[in-house]
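Please read the structure below before turning to the comments.
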Amino acid sequence: MIIISIIVAVAFWQTRGDRDSLRHITLTTEPEGIMGTSCQLVVVTRPVDEELAVEALTAAERVLRGIELEVSSWLEGSQISLFNEASAGEDVALSDLSHTILSHAREAWRETGGAFDVTIRPLILLWRGSADSQILPTTGEVTRAREASSWDLIDLRTGWISKRADGAQVDLGGIAKGYAIDRAVEAMQAAGVEGGLVDVGGDLRVFGQPPDGRSWHVQIRDPAGSGVLSDLSIASGSVCTSGDYTRFNEISGVRYSHIIDPRTGQPVVDAVSVTVVATSALDADIWATTLSVLGPDGIGSLPGSVEAMMIMQTGTSRERVTSSSFDTYLDRITP
Ligand code: AMP
Ligand code: MG
């Protein structure tokens, strides 16, 4: 059963015109245990539509939990886990949802020249194992895991997936959240609320009427501490951030990113925080991970409407690199 607790019902404000019909309320929930991270759902609507707002929050939460159940590689029994555990040649059934996300992932692999690659799970497992044993992988181990990480070893068909080598596995950690956020936003919109936000672990998408009546404000965490790096202001769309400051492997006192460069099999270095603004959370999520791999050179490959800010750190020197129109999102009101 889904339990909704309305923990905030604030932000009444007045816009022009008739007092009662133009007031809005903001309802927020913070459902726990979604995709192993924090989650915040917000809807903005007229007071007479409060029931609708609760429905919208319930629907969005249900969507997020449903997607996680099917595609998380952390959950035993998810379709992705069943595939990961399968032997070569074994057909594993896929729902439309899993098939759609995997198809987007394969498309992103082509579009990014292989930098975004969900088949790198053998490498992910290798580096995770190294963090457990505190012994760096050998060159031979990295080479073998790279060879097992390939779309060539995966046969994806409507309704089914199979592998050509026992070791092939996928990890949708760099794309599933974005996909799920988009579907949750659609569920809110279908419920008929006037505005909303879906935030899963700091990756988010907003639409429509913002709580303050002007625009949605998004704060980007400073990778070097607990402060704020940038304040963004957006009317609608998604903001996703990839970085090595929340999740990483530590081996002999050195931090290694959880993002792997598929070209080398090594964890990425230098890109400590990459923030992407795009219309869909799917694109923002994919490109935040991709730019972490490609570095500033990747900015030239961004699709037209996608903007990015990268914080590059080499030793103690830090550089902020942005795409041409990223700074139009900087919030000029908040200092
Ligand atoms: P994100 O936080 O969206 O950048 O996603 C990071 C997660 O994506 C990692 O924890 C891995 O599960 C997965 N991942 C790591 N490297 C890659 C890569 N090169 N392409 C696609 N997914 C990746
Ligand atoms: Mg991502």
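FYI, it's all coordinate maths here, none of it is from the lab. What you see is a predicted model; the values in this text were computed from it and never measured. Note: ideal-geometry Cβ built from the backbone for every residue, glycine included; neighbour counts use all protein chains shown.
What is the list of residues in segment 225-244 whose amide nitrogen lies under 18 Å from a point 7 angstrom out from the Cα of Ser38, following Cα to Cβ?
Label zone hits: 225-232, 239-244.
Per DSSP H run of n ≥ 4, the term is -39500 (n - 2.57); total these for the chain, divide by its residue number, and report the mean residue ellipticity at 222 nm rounded to 500 deg cm²/dmol.
Working: 8 runs with 102 residues, N = 335.
The helix contribution divided over the chain gives -9500 deg cm²/dmol.
Sort 259-267, 279-287 by the packing proxy (mean of other Cβ within 10 Å over each peptide's residues), most packed first. Before the final figure, lay out each step's value.
Values: 259-267: 20.0, 279-287: 25.6.
Highest mean packing first, the order is 279-287, 259-267.
Dipole size in debye (nearest 20) for segment 42-164 around its Cα centre, Lys and Arg Cβ +1, Asp and Glu Cβ -1?
480
What residues qualify as long-range amide H neighbours of Gly195, i.e. H under 5 Å apart, gap of 5 or more or another chain, H built at 1.01 Å from N?
Val44, Gln209
Gap in Å between the Cα centre of segment 100-143 and the Cα centre of segment 263-329?
Using only Cα atoms to place each centre, the spacing works out to 19 Å.
Which order do peptides 139-147, 316-324 fall in by mean Cβ count within 10 Å, highest first? Spell out each step's value before the answer.
On the way: 139-147: 14.9, 316-324: 12.2.
Ranking the peptides 139-147, 316-324 by packing returns 139-147, 316-324.
Give me Glu68, Glu107 sorted ascending by neighbouring Cβ count inside 10 Å, so fewest comes first. Before the final figure, lay out each step's value.
Values: Glu68 20, Glu107 12.
So the ranking, lowest neighbour count to highest, is Glu107, Glu68.
Using packing as a proxy for protection, rank 302-315, 153-166 so that the peptide with the highest average count of other Cβ atoms within 10 Å comes first.
Details: 302-315: 17.1, 153-166: 15.2.
Highest to lowest by the protection proxy: 302-315, 153-166.
Where in the chain are the DSSP H helices whose C-alpha atoms run 24 Å or more along the long axis and whose mean Kyte hydropathy is at least -0.5?
Numbers: long enough: 50-71 (32 Å, 0.38).
TM-like helix candidates: 50-71.
When a/c reaches 1.5 or more, the comparison of a/b and b/c decides; with that in mind, is segment 24-156 rounded, prolate or oblate per its Cα gyration tensor?
prolate
Around Arg221, which amide H atoms from residues at least 5 apart in sequence, or from another chain, sit under 5 Å from its own amide H, with H modelled in the peptide plane?
HN-HN under 5 Å from Arg221: Leu229.
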